[in-house]
Amino acid sequence: MTHDGQFAVEIRDLDVAFTTDGGEVRAVRDVSLDVRPGEVLAIVGESGSGKTVTARSILGLLPETATTRGAVILDGVDVVGLSGEKLRDVRGTKAAMIFQEPSTALNPVFTVGWQLAEGLRAHGDVSAQEARRTAIEMLGRVGIPEPERRVNDYPHQFSGGQKQRIVIAMALALGPGVILADEPTTALDVTVQAEILDLLRRLRDETGTAVVLITHNMGVVADLADRVAVMLDGELVETGDVREIFAAPRHEYTRKLLAAVPRVQLIDRPVPPVTDATGAPIAPVVEAKGLVIEYPGRLGSPTFRAVHAIDFAIRPGEVLGLVGESGSGKTTIGRAIAGLTPVAGGSLRVLDTEMNGVRERVFRKRRRELGFVFQDPATSFNPLLTVAECVAEPLIVHGGARDAASARDKVDELLEAVQLPKAFGDRYPHELSGGQRQRASLARALALDPKLLIADEPTSALDVSVQARVLDLFAELQERFGFATLFITHDLAVVDMLAHRVIVLHKGRIAEEGPTARVLGDPQDAYTRTLIASLPVPDPDEQARRREIWRAARG
């Protein structure tokens with residue numbers, strides 16, 4: 001196939017199959033795509049659609065079990081069939097990848113400067129001094145403050161957003177013609193996400209680099225993409241200009257994806273009563289007064305105050321949304337309520353127990369009244385246990401059942417409550433999809449009929465349509481069982497769907513609080529306004545307008 005230079009990447013009739021114990025699985029079927037220099041192509045679809053496999057084929061990053069047919073032309077070179085040294089020459093120089101989770105892409109034992117320099121020296125005869133100079137320049141270019149000093153720091157000394165900037169700097173270091181960005185903002189707060197998208201847009205404009213963006217977030221697509229390719233079950237079902245796709249999607253699946261995007265609708269949800277029928281006040285499930293949480297400094301470093309003297313309460317049957325960026329203190333508060341992080345000052349009463357100075361044996365009796373739903377159920381389930389055994393764990397630990405077999409009737413009931421077939425109890429966690437695992441996690445959290453549920457970013461890692469189903473289910477279960485909930489998230493649209501009230505945290509202090517519809521509809525604090533402006537919406541024109549508001553809000 002000839003290459004006329006007008007495309008940064010040209011994919012023709014790509015077919016990828018994986019050899020498994022159960023036979024051959026076709027992950028990508030006859031996909032043809034192209035990307036021009038300076039263009040952003042978003043490949044969207046749910047987990048298993050083939051979007052990541054398609055993108056990884058551009059760099060030859062597929063496992064040995066993969067059989068690839070067709071052509072992937074990168075700067076005049078067909079990558080399919082290349083191996084060893086030739087593939088290494090292509091990676092970094094012609095195309096580079098930004099991975100979803102920067103923590104796993106960076107080596108914790110080397111400084112970020114060393115890691116940037118290593119990539120430069122691996123692809124050319126560059127002196128150590130020159131590589132270091134380029135590393136400092138790249139860190140400055142992606143917005144890392146004080147790059148001359150920070151070049152000597154290790155990955156754990158950077159925030160999540162800064163780590164993602166470093167990964168972007170590594171991808172750009174050798175001036176590739178194409179950048180493959182695989183869910184580059186999934187794990188980030190909305191304000192950090194807005195900054196990373198702004199950075200990618202600026203770098204694209206400055207360097208003319210083509211970007212292949214893999215995502216399930218249609219707001220991100222509206223913000224950054226020029227064209228969209230929609231994949232379903234390994235096939236390309238629709239491609240087109242971003243405005244055409246959003247305004248008039250032709251394929252039913254594209255319409256379904258767009259319909260599932262959570263939007264801030266300002267739902268006025270009545271707050272549960274604060275007094276009973278006799279007028280007596282109803283005791284909160286959680287009440288904080290002047291709450292202070294600190295982390296002791298190590299090796300002579302000063303104590304870090306994560307939460308500064310805040311007041312709040314969660315009443316029976318209420319869903320309180322706790323929003324803010326990484327480092328705002330929201331997860332710290334959740335951990336303190338659960339008795340996992342000590343209280344340094346003030347008062348925190350949880351289920352009639354004072355947590356300031358509490359002893360574990362005193363709080364242990366109350367633990368059965370707490371349920372947890374974690375961000376990533378894959379890491380919170382024991383992979384050696386079946387789903388039924390995982391869900392039965394709290395019952396066994398707290399004496400509600402002798403063993404998993406005697407708890408099975410209750411487990412089946414719980415699985416049906418979260419809309420999973422009973423038979424799924426006999427499967428292992430890895431045999432469930434992300435959304436199914438999160439439902440099983442919800443079943444486990446409800447096993448002991450808790451009075452309080454703590455949900456920490458429970459839907460951030462899920463596909464948009466799966467997220468919509470899990471949130472609907474969560475709202476239905478909360479109404480049915482009436483448990484109080486602390487819902488920790490950085491997604492304001494999710495808060496709008498579920499929470500009666502919302503607290504906006506900023507650097508360990510409450511920036512704003514009140515009924516959700518009021519706070520989101522008429523924010524009084526500048527930080528809340530920045531958060532709302534940072535939330536990408538699935539409409540390219542509206543998103544362009546919001547981007548200007550966001551830039552103005554940042555000053």
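The values are calculated or read from the model by the stated rules, or taken from the named source; none is laboratory data. This is a predicted model, so every value here is computed, not measured. Counting neighbours? That spans all protein chains shown, and the Cβs are built from the backbone with ideal geometry, glycine included.
The table that follows gives values for the structure above.
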| read-out | value |
| --- | --- |
| Any hit, the range 34-46, residues being outside any strand (DSSP E or B), of a type in the set (G, A, S) and in contact with a Lys or Arg (Cβ under 8 Å, 6 or more places away or on another chain) | yes |
| Some residue of the range 283-291 being in contact with a strand residue (DSSP E or B) (Cβ under 7 Å, 6 or more places away or on another chain) and part of a loop (DSSP other than H, G, I, E, B) | yes |
| Pair list, Cβ under 6 Å, 6 or more apart: the range 207-223 residue at positive phi, other residue at pLDDT 85 or above and surrounded by fewer than 24 Cβ atoms within 10 Å (Cβ to Cβ) | G208/P37; G208/G38 |
| Qualifying position, being touching a residue at least 24 places away in the same chain (Cβ under 8 Å) and surrounded by fewer than 21 Cβ atoms within 10 Å (Cβ to Cβ), among S326, S301 | S326 |
| Among the candidates V242, V237, residue that is closer than 25 Å to P37 by Cβ and either β-branched (V, I, T) or touching a His at 6+ places or on another chain (Cβ under 9 Å) (or both) | V242 |
| Residues of the range 312-368 satisfying the condition of being under 22 Å from A517 (Cβ atoms) and of a type in the set (D, E, K, R) | R315, E318, K330 |
| Some residue of the range 503-519 being assigned to a loop (DSSP other than H, G, I, E, B), of a type in the set (S, T, N, Q) and out of contact with any Leu (no Cβ under 6 Å at 6 or more places or on another chain) | no |
| Any hit, the range 488-498, residues being of a type in the set (S, T, Y), touching a strand residue (DSSP E or B) at 6+ places or on another chain (Cβ under 9 Å), closer than 30 Å to L531 by Cα and part of a loop (DSSP other than H, G, I, E, B) | no |
| Matching residues, the range 377-402, being among the charged types (D, E, K, R) and closer than 25 Å to R361 by Cβ | E393, R402 |
| Sole residue being surrounded by 13 or more Cβ atoms within 10 Å (Cβ to Cβ), outside any strand (DSSP E or B) and free of Cβ contacts under 8 Å to residues at least 60 places away in the same chain, chosen from P316, P249 | P249 |
| Residue among V80, V35, V72 that is at pLDDT 85 or above, more than 28 Å from T186 (Cα to Cα) and of a type in the set (V, I, T) | V80 |
| Residue, surrounded by the fewest Cβ atoms within 10 Å (Cβ to Cβ), within the range 450-469, restricted to residues that are closer than 27 Å to G339 by Cα and at pLDDT below 90 | S460 |
| Selection count where residues are under 21 Å from G324 (Cα atoms), in contact with a Leu (Cβ under 9 Å, 6 or more places away or on another chain) and buried (at least 17 other Cβ atoms within 10 Å of the Cβ), scope the range 270-298 | 5 |
| Residue in the range 531-542 that is assigned to a helix (DSSP H, G or I), among the hydroxyl-bearing types (S, T, Y) and at pLDDT 85 or above present | no |
| Residue satisfying condition, being touching a Lys or Arg at 6+ places or on another chain (Cβ under 7 Å) and closer than 30 Å to V44 by Cα, within set L420, L462, L432, L442 | L420 |
| Enumeration of residues in the range 177-196 that are out of contact with any Gly (no Cβ under 9 Å at 6 or more places or on another chain) and modelled with pLDDT of 85 or more | V178, I179, L180, A181, D182 |
| Of all residues making up the range 355-389, the number that are modelled with pLDDT under 85 and within 16 Å of T485 (Cα to Cα) | 2 |
| Total residues in the range 471-490, condition modelled with pLDDT under 90, in contact with a Pro (Cβ under 9 Å, 6 or more places away or on another chain) and surrounded by 22 or more Cβ atoms within 10 Å (Cβ to Cβ) | 2 |
